[in-house]
Amino acid sequence: MNDRIKNLRQYIFDKNHHKYRRKPEELGLDKLSDGFCERGLSDVERSVERLSLLLKNEIPVILPGESIVFTRTISSIPEIFTRDEWQHIEQSHFIHERGTVSNICPNYEETIIKGFKKQKEAIEKRLVRKDLDEKGVEFLNALLKGILDVQEFIKKYELYAYSIGEKQIADTLHHLQNEGAETFGEALQFLRILHFVLWESSNYHNTFGRFDQYMYPFYVNDIEKGILKKEEAFDLLEEFFLSCNKDSDLYPGIQQGDNGQSLVLGGTSISGEEQFNELSEMCLRASLELNLIDPKINIRVNKNTQLSIYEKGSELTKIGLGFPQYSNDDIVIPGLVNKGYSLEDAHNYAVAACWEFIIPKYGMDIPNIDALSLVDCVLSCVINLDSCSTYADFYRLVEREIQNRVDRMCEKHKNIYIEPSPFMSLLMDGTIERAKDISLIAKYNNYGIHGTGIATAVDSLAAIKRYYFENKEITYDLLIAALKNDFIGYEQLQKTLRYDAPKMGQDDDYVDSIAAELLNSFDQALKEKRNERGGIYRAGTGTALFYINHSSNLGATPDGRNAGAAIPANYSPSIFIKQKGPVSVIKSFTKPDLKKTINGGPLTLEFDETVFKNQESLSKLAMLIRSFICLGGHQLQLNTINRDKLLDAKVHPESHRNLIVRVWGWSGYFVELDEVYQNHVISRFEYKL
Amino acid sequence: MKEGIIFSIEEFAIQDGPGIRTTVFLKGCPLSCPWCHNPEGISFEPQYLISKTGKTLCGEKISSSELANRILKNKDFFESTGGGVTLTGGEPLAQPNFVIDFLKQVESIHKTIETSGYAPLSVFKEVVSLVDLVLFDIKITDSESHKMYTGVDNHMILENLNYLISSEKDFIVRMPLIPGVNDTKTNMLSIYSLISDAKSLIRVELLPYHKTAGAKYGMIGKIYDPPFDPNKRPQIFNVFEDNNINTIIL
């Protein structure tokens with residue numbers, strides 16, 4: 001890291017740029033929706049006008065030493081609907097999260113390559129065709145207006161840069177107002193602009209997709225032409241990564257850090273070539289040096305991936321970033337193809353904010369539309385245990401319960417409303433031709449359902465199978481009473497269920513086959529489901545934040561877990577079991593056919609930071625990851641944590657500002673998390689050596 | 001079928017030899033080093049560990065074939081990474097029949113033994129012939145001082161070390177650095193002189209003492225009262241590195 005980057009990093013880390021921020025109310029932008037309502041504007045018009053007003057009110061800021069510019073100066077994005085209007089919309093529609101387009105992967109490269117002028121021409125060409133209705137015309141004009149506003153905004157920055165003697169920045173911005181990027185530096189600046197505008201448009205969880213693939217041609221071209229040295233390219237890359245941390249505290253998310261700035265490296269091409277390139281490697285190095293939570297890195301790997309790639313990734317794991325997360329092309333691509341994605345698109349998959357596999361350019365999937373508590377499906381059947389004479393009978397009840405809940409769940413996802421996003425639409429393929437906003441339709445419109453409490457559900461099933469049906473050590477009355485009383489007065493039984501019963505994660509076929517069956521049932525339950533956009537449903541092994549609320553209201557479970565006690569985040573072993581070790585965990589968790597749960601959700605392995613002292617230990621971690629991939633795991637995420645440090649950070653947050661932890665699908669600063677999330681992270685370590 | 005007693009099996013032990021490997025801790029040790037960080041591994045009998053969270057039995061009697069089955073369950077991981085099993089303790093050579101019988105049953109994987117070297121030469125020879133790597137602990141060269149701290153004479157240990165060097169079996173020297181006990185330049189130089197000609201020495205691993213070693217004494221009802229200052233940091237001299245021996249600090 002050179003001094004320029006070092007100083008810039010410190011400047012941003014110290015939040016010095018926050019002084020430029022103004023609240024919408026200081027700018028008279030806080031009651032935009034009242035005006036929109038009075039003027040009777042359509043949602044598309046409102047969206048366009050909000051962006052326009054915000055960009056006009058942004059003031060150009062260039063931080064000391066910056067060459068890639070654009071910093072947010074308006075602290076939040078005002079709503080386009082009044083409270084009454086929104087209530088009305090909510091009453092008659094299904095609203096996903098914040099109701100705006102999020103968690104998809106735009107086609108940045110097309111605009112970066114072509115530039116706004118050509119994009120405008122394409123829209124104008126479409127406008128002259130006669131097959132447009134009023135809405136279509138409105139949409140295309142909204143695209144044009146968005147481009148004009150952004151061009152004007154870039155111009156404002158250009159003039160400012162020029163006025164303070166930043167000629168090079170001014171020249172770049174001048175060029176990018178109309179033309180595509182020609183150099184690596186320009187491409188990064190253009191990406192920064194597009195990304196900035198998406199956040200300013202109220203889109204969130206704006207992912208970066210396959211950054212190393214679409215940026216590589218610019219990089220190689222500059223290097224071959226001799227106009228850029230590798231060290232210079234690396235500095236630019238670091239600066240771009242830094243820029244992702246400038247405004248990230250303003251990005252909406254459940255917790256600080258949950259901002260969806262995920263970036264994917266590597267992968268396999270449709271012809272089977274490894275796509276991890278020099279730039280991919282530079283990205284890992286940049287992230288290692290910067291030691292910041294954004295962008296969050298994913299690496300696409302396969303059974304032939306070189307150990308050295310895992311070793312490089314493990315260096316990031318070692319410093320405690322909570323990423324990279326690995327996804328296995330050998331599983332994910334066929335899994336996506338099975339769900340109807342074209343082979344070409346499946347090969348181009350990226351990772352959404354947390355772990356969901358999404359398709360860049362073409363996907364308007366909502367991979368986190370809902371979550372099914374698999375453990376609650378099991379628990380709610382326990383009361384009917386006495387009507388079952390075999391485990392198979394009981395499992396059929398569970399299967400039926402899963403189906404019933406899925407049926408009810410899918411019913412809810414009707415009449416969805418998503419705010420139009422003209423600028424995001426500009427960055428998605430097919431929108432101009434369709435003349436329809438991306439919020440309405442895309443090539444892929446699939447929904448994904450998280451599956452929570454998988455290990456707790458599986459362990460509970462295994463306990464019932466063994467102790468109720470097989471050796472009959474536990475009677476119906478005893479189990480029901482123990483669960484009802486939260487094991488108070490039934491401590492011996494709880495001990496047996498907790499510590500003697502078979503558990504997922506111990507490489508025990510008895511219980512792992514139950515896991516395979518359960519995940520299969522989850523997938524089957526969604527198989528025939530179609531959403532109102534014609535999309536399918538995908539089952540997943542992620543939990544998102546649901547591991548908190550699906551556990552706090554959950555009664556005691558037959559695996560010996562107390563009422564309200566935590567369930568694991570994502571696809572991980574139950575929290576209180578003493579594990580044999582990561583090898584057994586990996587063997588267990590790769591037994592199910594994970595192509596079926598292709599919505600994603602990683603196995604999470606956690607290590608004490610003292611484990612990774614030297615290069616040799618990193619190679620071993622690399623071997624472990626490769627084993628997971630070769631055994632057919634779909635996704636893996638590793639954490640390195642020092643528990644004492646976490647405990648101390650709760651008491652002395654001021655001395656642990658840099659402490660990074662992985663929460664459920666993203667890395668955040670530990671001291672910025674709510675206590676419930678802090679405690680869950682700590683409890684995950686209590687049973688480790 | 002030979003039976004032995006173990007007190008822990010640890011998967012993915014990353015400091016104990018090449019590749020992905022599992023380390024088995026054998027219970028019982030003829031030495032009684034006051035810096036021992038596994039004091040529950042000293043007695044050959046099962047015993048209770050008592051902590052705030054409850055009472056757990058430490059020590060599992062197991063047959064060599066049962067242990068081999070457990071270890072070989074992860075054979076695929078070992079084979080694809082050049083890993084295998086490491087026996088440590090306690091002192092594994094204190095259960096020679098069990099160890100030898102076990103090693104013969106896991107021939108197909110990489111085998112490492114970590115030992116204090118305190119065993120009859122005949123036992124040591126046989127075990128060395130069955131393993132791929134030896135982690136040989138050397139603490140103190142001076143025999144009186146050795147006896148004072150560890151409770152045993154080091155004559156047999158040095159004899160076995162000489163044999164190990166002559167056997168040309170791959171080995172690593174492990175040296176715990178205990179403040180005020182063996183962290184002198186003289187002691188390190190004298191260890192160096194023992195191994196300076198060893199052809200099959202891979203490297204030296206230094207293990208600086210850390211006071212967390214005292215954590216488990218209370219759990220087995222012992223008082224942690226080492227005859228040195230546990231808060232002091234041991235001195236580290238670059239004796240081995242200076243003589244071109246690859247050295248790492250664990």
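Quick notes on this one:
- All conditions but one from (1) touching a residue at least 24 places away in the same chain (Cβ under 8 Å); (2) crowded, with 16+ Cβ neighbours inside 10 Å apply to A:Glu152; the one that does not is (2).
- Annotation note: of B:Lys147, B:Lys139, the sole residue that is part of a loop (DSSP other than H, G, I, E, B), of a type outside the set (Val, Ile, Thr) and either at pLDDT 95 or above or crowded, with 22+ Cβ neighbours inside 10 Å (or both) is B:Lys139.
- Every condition in (1) closer than 30 Å to A:Arg626 by Cβ; (2) more than 12 Å from chain A (Cβ to nearest Cβ) is met by B:Ser63 except one, and the failing one is (1).
- Among all positions in segment A:416-431, there is at least one residue which is more than 21 Å from A:Pro367 (Cβ to Cβ), of a type in the set (A, V, I, L, M, F, W, C) and at pLDDT 95 or above.
- Positions within segment B:159-188 being within 16 Å of B:Ser145 (Cβ to Cβ) and surrounded by fewer than 16 Cβ atoms within 10 Å (Cβ to Cβ), in sequence order: B:Gly180, B:Thr184, B:Lys185, B:Thr186
- Counting the residues of segment B:1-41 that are at pLDDT 95 or above, away from chain A (no Cβ under 13 Å) and in a loop (DSSP other than H, G, I, E, B) gives 5.
- Condition check for A:Lys130: among the charged types (D, E, K, R), assigned to a helix (DSSP H, G or I) and out of contact with any Asp or Glu (no Cβ under 8 Å at 6 or more places or on another chain): no
- Filtering segment A:302-318 to residues that are of a type in the set (Val, Ile, Thr) and touching a Leu at 6+ places or on another chain (Cβ under 9 Å) leaves A:Ile309, A:Thr317.
- Some residue of segment B:48-63 being hydrophobic (A, V, I, L, M, F, W, C) and not in a strand (DSSP E or B): no
- Every residue from segment A:625-653 that is within 23 Å of B:Ile249 (Cβ to Cβ), within 12 Å of chain B (Cβ to nearest Cβ) and buried (at least 21 other Cβ atoms within 10 Å of the Cβ): none
- Figure legend. Inter-residue proximity from segment B:214-243: first residues under 25 Å from B:Lys27 (Cα atoms), second residues at pLDDT 90 or above and assigned to a helix (DSSP H, G or I), beta-carbon distance below 8 Å, spacing 6+ or different chains. Indicated pairs: B:Lys216/B:Pro39; B:Lys216/B:Glu40; B:Tyr217/B:Pro39; B:Met219/B:Glu40; B:Ile220/B:Pro39; B:Ile220/B:Glu40; B:Lys222/B:Pro39; B:Pro227/B:Tyr149.
- Hey, A:Leu603 buried (at least 21 other Cβ atoms within 10 Å of the Cβ), out of contact with any Phe, Trp or Tyr (no Cβ under 8 Å at 6 or more places or on another chain), away from chain B (no Cβ under 14 Å) and closer than 18 Å to A:Tyr326 by Cα or not: no
- Extreme residue, nearest to B:Leu49 (Cα to Cα), among residues of segment B:192-250 that are within 14 Å of another protein chain (Cβ to nearest Cβ) and part of a loop (DSSP other than H, G, I, E, B): B:His210
- Filtering segment A:349-363 to residues that are assigned to a loop (DSSP other than H, G, I, E, B) and surrounded by 24 or more Cβ atoms within 10 Å (Cβ to Cβ) leaves A:Tyr349, A:Ala352, A:Ala353, A:Cys354, A:Trp355, A:Glu356, A:Ile359, A:Pro360.
- Unique residue being within 17 Å of A:Asp437 (Cβ to Cβ) and either part of a helix (DSSP H, G or I) or hydroxyl-bearing (Ser, Thr, Tyr) (or both) when the list is A:Ile147, A:Ile112, A:Ile104: A:Ile147
- Every condition in (1) charged (D, E, K, R); (2) part of a helix (DSSP H, G or I); (3) closer than 25 Å to A:Pro106 by Cα is met by A:Glu182 except one, and the failing one is (2).
- Residue in segment A:582-592 that is away from every other protein chain (no Cβ under 14 Å), under 26 Å from A:Val332 (Cβ atoms), in contact with a helix residue (DSSP H, G or I) (Cβ under 9 Å, 6 or more places away or on another chain) and surrounded by fewer than 21 Cβ atoms within 10 Å (Cβ to Cβ) present: no
- Hits in segment B:82-116 - residues which are in contact with a helix residue (DSSP H, G or I) (Cβ under 7 Å, 6 or more places away or on another chain), farther than 14 Å from B:Glu11 by Cα and within 14 Å of chain A (Cβ to nearest Cβ): B:Ile109, B:His110
- Set A:Arg530, A:Arg538: member being more than 14 Å from chain B (Cβ to nearest Cβ) and surrounded by 18 or more Cβ atoms within 10 Å (Cβ to Cβ): A:Arg538
- Condition check for A:Arg83: closer than 26 Å to A:Asp249 by Cα, at pLDDT 95 or above and exposed (fewer than 15 other Cβ atoms within 10 Å of the Cβ): yes
The values are calculated or read from the model by the stated rules, or taken from the named source; none is laboratory data. Values in this document were obtained by computation on a predicted structure and should not be read as measured data. Heads up, the Cβs are rebuilt from the backbone with ideal geometry, glycines too, and the neighbour counts pull from every protein chain shown.
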